[in-house]
Amino acid sequence: MVRRIVACGGQQLLFPVLTTYLFALARRPRPKVLFLGTASGDGAGYLLTFYQALAGVDCEPSHLALFDRVVDDIDALVGSQDVVIVAGGNTANMLAIWRLHGVEKALRSAYASGTVLSGWSAGCLCWFEGGITDSFTPDLGALRDGLGILAGSACPHYDSQEARRPVYLREIAAGLAPGIALEDGVAARYDDERLVEVVSARPDGRAFHVDAKGERPLAVRVL
């Protein structure tokens with residue numbers, strides 16, 4: 001069973017081609033898809049965006065709300081999914097809540113069994129060891145306690161938020177693990193924790209490997 005993660009820099013659900021790409025990686029042609037909006041406090045806006053984006057798509061969408069929890073067996077729910085999509089928001093708060101409710105454990109188990117993990121912004125950063133976040137300050141800073149399923153760090157929104165690039169370079173110079181920077185609409189696919197390809201829903205979408213020496217552009221396939 002191949003373990004897969006698709007990490008998107010931003011605006012994932014606004015690009016149908018990214019959804020098509022993601023669902024093609026699922027183990028069933030009509031995937032069960034779970035949405036986690038924890039980082040936004042299970043905000044209604046993100047939830048509406050999720051269901052609207054999947055309207056007319058051949059799948060079984062559902063969501064897990066932790067701020068108004070009605071699900072008893074999180075392990076069973078997450079483990080039954082073919083795809084999990086994680087929304088943006090406050091990464092640090094999301095990780096703390098996941099750990100409190102046992103979601104981290106459920107995600108790790110589902111991932112090992114073939115559930116495709118995905119998401120944008122916080123839902124991109126969380127799979128790595130760390131990265132750049134606005135969880136602690138609007139001026140951005142380093143988060144160093146990600147799930148660590150993927151080695152290294154990540155920086156989403158590399159084009160849409162001007163401060164991301166200099167802060168990422170600064171934090172890597174200060175000791176943050178090297179990693180990947182993704183622009184909005186650009187997603188990196190990992191099979192068995194190995195980067196397989198970077199895809200873009202935009203013709204000009206870019207991605208970079210970033211380390212103490214600076215940026216190195218990565219090959220991007222336009223969908």
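The values are calculated or read from the model by the stated rules, or taken from the named source; none is laboratory data. Quick caveat, the model's predicted, so the values are computed rather than measured. Because the Cβ atoms are built from the backbone with ideal geometry, glycine has one as well, and the counts that use them run over all protein chains shown. Side chains included, ligands, DNA and RNA excluded: accessible areas come from the protein's heavy atoms. Shrake-Rupley method; radii C 1.70, N 1.55, O 1.52, S 1.80 Å.
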Residues in the stretch 82-110 that are open to solvent by 10 Å² or more (accessible area, probe 1.4 Å) and of a type in the set (Ser, Thr, Tyr): how many? 1
Quick one: would you say Thr38 is closer than 27 Å to Thr133 by Cβ, under 17 Å from the mean Cα position of the chain (by Cα) and open to solvent by less than 20 Å² (accessible area, probe 1.4 Å)? yes
Going by the structure shown, is Asp139 assigned to a loop (DSSP other than H, G, I, E, B), at pLDDT below 95 and either out of contact with any Lys or Arg (no Cβ under 9 Å at 6 or more places or on another chain) or among the hydrophobic types (A, V, I, L, M, F, W, C) (or both)? yes
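So, Leu25, is that one within 16 Å of the chain's Cα centre (by Cα) and in a loop (DSSP other than H, G, I, E, B) or not? Before the answer, list the steps.
Values: within 16 Å of the chain's Cα centre (by Cα): yes; in a loop (DSSP other than H, G, I, E, B): yes.
The answer is yes for Leu25.
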Can Ile149 be described as of a type in the set (Val, Ile, Thr) and touching a Cys at 6+ places or on another chain (Cβ under 7 Å)? no
Quick check, is Tyr168 part of a helix (DSSP H, G or I) and under 18 Å from the mean Cα position of the chain (by Cα)? yes
Out of curiosity, is Gly114 in contact with a strand residue (DSSP E or B) (Cβ under 7 Å, 6 or more places away or on another chain) and open to solvent by less than 50 Å² (accessible area, probe 1.4 Å)? no
Under 8 Å by Cβ, and 6 or more places apart or on different chains, what pairs join a residue from the stretch 81-102 that is farther than 19 Å from Thr49 by Cα and touching a residue at least 60 places away in the same chain (Cβ under 8 Å) with one that is open to solvent by less than 10 Å² (accessible area, probe 1.4 Å) and in a helix (DSSP H, G or I)? Trp98/Thr38; Trp98/Leu107
Which condition number in (1) free of Cβ contacts under 8 Å to residues at least 40 places away in the same chain; (2) more than 17 Å from Ala92 (Cβ to Cβ); (3) open to solvent by 10 Å² or more (accessible area, probe 1.4 Å) is the one that Ser160 fails? (1)
For the stretch 34-135, which helices (runs of 4 or more DSSP H) that fit wholly inside it have 2 or more residues that are aromatic (Phe, Trp, Tyr)? 44-53
Name the single residue that is farthest from Ala26 (Cα to Cα) among those in the stretch 187-223 being open to solvent by 50 Å² or more (accessible area, probe 1.4 Å) and of a type in the set (Asp, Glu). Glu215
Output for Cβ contacts, cut-off 8 Å, separation at least six or different chains, first residue under 14 Å from Leu95 (Cβ atoms) in the stretch 33-50, second among the hydroxyl-bearing types (Ser, Thr, Tyr) and open to solvent by less than 40 Å² (accessible area, probe 1.4 Å), reads Ala39/Thr91; Ala39/Ser121
Free of Cβ contacts under 8 Å to residues at least 40 places away in the same chain and either within 30 Å of Gly214 (Cα to Cα) or assigned to a strand (DSSP E or B) (or both) - does that describe any residue in the stretch 145-152? yes
Determine which single condition Ala154 fails, assuming it passes every other condition in (1) aliphatic (A, V, I, L, M); (2) under 28 Å from Pro16 (Cβ atoms); (3) open to solvent by 40 Å² or more (accessible area, probe 1.4 Å). (3)
Among the candidates Gly10, Gly41, Gly37, residue that is closer than 20 Å to Ser121 by Cβ and touching a Leu at 6+ places or on another chain (Cβ under 6 Å): Gly37
